[in-house]
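Okay, so here's the structure we're looking at.
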Amino acid sequence: MSSKSKQARQKKNQPKKQKGKGRKGKKKQKKVDKFAKVYSKQKKSVPVRDLYQVMRWPKYIKIQRQRKVLMKRLRVPPAINQFTNTLERNTAYQLFTLLSKYSPETKKQKKTRLQKVAESKVIGDNVKSKKPLTVKYGINHVTSLVERKKAKLVIIAHDVDPIELVVWLPALCRKMGIPYCIVKGKARLGKVVHKKTATALALTDVKQQDKNAFAKIIDICMPKFNDNVETRTKWGGGVLSSKARKAIEKNLESSQLSKKLMQEQKIRERIIKEKLEQQRLEEEAQKKKEEEAKNGKPEADKTEDKKNEKKNTKK
C-alpha cells in the first residue's frame, strides 16, 4: 500500500472543520428553555407574569380573607370590636413567661406523681401530695371560677370562632371585678396547656417569687381593659376599599371643580353687567351732548340768561 493512499485514507477519517467555528467566527449560543411555549412567528418566549390573582387558593384561605375584608367593610358592634384591642407585645411576652411556669402537668408527670404516692402508702409513709399550682383552662371551668371570684386573672383569646363562646366573658369579669386581658392567638394559649387551642385561661394564685411580676401585669391590664370605657363603646369597621375611596375623591374633586367654575361664571357675569352699565351711561352722556349741540346753548345756560334779564328789568 502506497504512502499516498494511506494519507488519503487518514484525511477521510479526520472530522471536518465547521465553517465559522474558528477563533474569529465563534458565537455564543443563547440558552433557550425547551418547554417554554412560543406563540409568535418571531419565536419569542412568553414573558414572566405575576399569577397571584389567577392562582387557585384553598377554600379555607378564601374564607379567611373574605371574613377579614367583611370585618373591615361592615360596621362592627362594640361587643365584638373590643377583641381587636389586644395586649402589647412586651407585656404579652411577660405574661406568657409567667404562664409557662404554671402550665399543667402532662399525663406522664401525673402518672409518676400518683405512683410515688401509692408506693409511699404501701411502705406506710402517709405522704400527702398536693396538686401543683397550675393554670385553669376550659371555658366552663373558667366561668365558674369567675362567678365564685376565685380567679385572679383571666386571659382571653382574640380569634375565637364562633365569637359567641367568649363575647360575654369580659362583661362578666368587669361585673365581678376580676382583671382580664385579651391576647393574640388561641393557639398560643393552647400551647401553654398542651392543647391545639384554648379559648380562655385563668390564674387562681401564684408563687411568692412571682407575685411582683403578677402584680405588674394586673396594673397594666386593669386600666387597659377593665376601666377602659372607650373600647367598650367604640364601633369598628366601616373602612372603605381603595377603589371606593378613589371614587369618592374623584367626586369631591369634580364637585370642587364645578364650584370653582360656578364662581368664575358669576364673576364673568358681574363684569359683563358692569361693562354694559358703563356703556349705557356713556351712550346717555353722548346723547345729551348731541342735543346740546343742536340747541346751541345748554339748558342750564338758558336759565341763567333769563335770571339776568329779570334783574335788569327790575333795575
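The values are calculated or read from the model by the stated rules, or taken from the named source; none is laboratory data. Just so it is clear, the structure is predicted and the values come from calculations on it, not from any experiment. Positions of Cβ are backbone-derived with ideal geometry, glycine not excepted, and every protein chain shown enters the neighbour counts. Side chains are part of the model used for accessible areas, which takes the heavy atoms of the whole protein and leaves out ligands, DNA and RNA. Shrake-Rupley method; radii C 1.70, N 1.55, O 1.52, S 1.80 Å.
Heavy atoms only, 1.4 Å probe, whole protein assembly: order Asp50, Asp219 by accessible area, highest first.
Greatest to least solvent exposure: Asp50, Asp219.
Going from most exposed to least, what order do Thr134, Thr112 have by accessible area with a 1.4 Å probe?
Thr112, Thr134
Would you work out if the stretch 228-274 is rounded, prolate or oblate? Take a ≥ b ≥ c from the square roots of the eigenvalues of the alpha-carbon gyration tensor; rounded if a/c is under 1.5, else prolate when a/b is larger than b/c, oblate otherwise.
Oblate.
List the relative contact order of the stretch 156-260 as a percent without decimals, with contacts defined as Cα pairs under 8 Å and 6+ residues apart.
24
Can you give me the solvent accessible area of Trp235 with a 1.4 Å probe, rounded to the nearest 10 Å²?
Near enough 130 Å² of accessible area.
With a 1.4 Å probe and every protein chain kept in, tell me what percent of the accessible surface of the stretch 195-299 is carbon plus sulfur.
53
What is the extension gain from Glu164 to Lys275, computed as 0.36 nm multiplied by their sequence separation minus the C-alpha to C-alpha distance, in nm to one decimal?
32.5 nm is the gain from fully extending Glu164 to Lys275.
Please state, as a whole number in µm²/s, the translational diffusion coefficient that the Stokes-Einstein equation yields for the stretch 44-92 at 4 °C and 1.567 mPa s, with Rh defined as the Kirkwood radius across alpha carbon pairs.
Here the translational diffusion coefficient equals 88 µm²/s.
Ignoring ligands, DNA and RNA, please state the percent of accessible area on the stretch 82-142 from carbon and sulfur, probe 1.4 Å.
Taking all protein chains in place, the stretch 82-142 shows 53 percent carbon and sulfur surface.
Using a Förster radius of 51 Å, what is the FRET efficiency between Val229 and Tyr52 based on their Cβ-Cβ separation? Nearest 0.05, please.
0.75
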